[in-house]
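Asks: Please find one structure pasted underneath; my questions will follow.
Read-outs throughout are calculated quantities, based only on the coordinates presented, and are distinct from any laboratory measurement. What you see is a predicted model, and the numbers here were worked out from it, not measured in a lab. Cβ atoms come from the backbone with ideal geometry, glycine included; neighbour counts cover every protein chain shown.
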């Protein structure tokens, strides 16, 4: 797993067609607001492995994120994905709070 910062994530979002952005928090947090284009696969769900493998293959570039640097959901998700054989997993450690604080677009339900 590699860490990624906001600027690098923005560059990847603008250039990588195969980038998969995954919020790993529970659905209610995702519904509150999320980074545009992100899908929701909660790391604490019983079927995390099946759900993540349904949306990404092991060679896709995948960025996982959670709330902020205090949250441990995205590092746990990245570690689980690597154990499943995913090769290009990045953790946006600063999370969606950092994204919103920077004034970048968000999506809400």
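Asks: Using Cα-Cα distances under 8 Å and only pairs 6 or more residues apart, what relative contact order does the chain have, in percent?
Replies: With pairs under 8 Å counted, the relative contact order is 36 percent.
Asks: Assuming R0 = 41 Å, what is the FRET efficiency of residue 68 and residue 17, from their Cβ-Cβ distance, to the nearest 0.05?
Replies: The value I calculate is 0.90.
Asks: Right, here's the next one. Quick one: if you take sqrt(5λ) for each eigenvalue of the C-alpha gyration tensor of segment 46-109, what semi-axes come out, biggest first, whole angstrom?
Replies: Ellipsoid half-lengths, sorted descending, are 23, 13, 11 Å.
Asks: Another question, if that's okay. In square nanometres, what is one fourth of the surface area of the convex hull spanned by the alpha carbons of segment 2-101?
Replies: 5.7 nm²
Asks: Quick check: residue separation of residue 39 and residue 82 times 0.36 nm, minus the Cα distance between them. What number comes out in nm?
Replies: Using 0.36 nm per residue and subtracting the Cα-Cα distance, I get 13.6 nm.
Asks: Report the calculated FRET efficiency for residue 6 and residue 107 (r = Cβ-Cβ distance, R0 = 25 Å), to the nearest 0.05.
Replies: About 0.90, to the nearest 0.05.
Asks: So how much slack lies between residue 51 and residue 28, counting 0.36 nm per residue of separation and subtracting their Cα-Cα distance, in nm?
Replies: Full extension from residue 51 to residue 28 adds 6.5 nm.
Asks: To continue, here is another question. Two decimals is fine: what's Rg over Rh for segment 11-60, C-alpha atoms, Kirkwood radius as Rh?
Replies: 0.99
Asks: Just from its helices, what would the mean residue ellipticity at 222 nm be for the chain, if runs of 4 or more DSSP H residues each count -39500 (n - 2.57) and the sum is divided by every residue, rounded to the nearest 500 deg cm²/dmol?
Replies: Counting only the DSSP helices, I get -10500 deg cm²/dmol.
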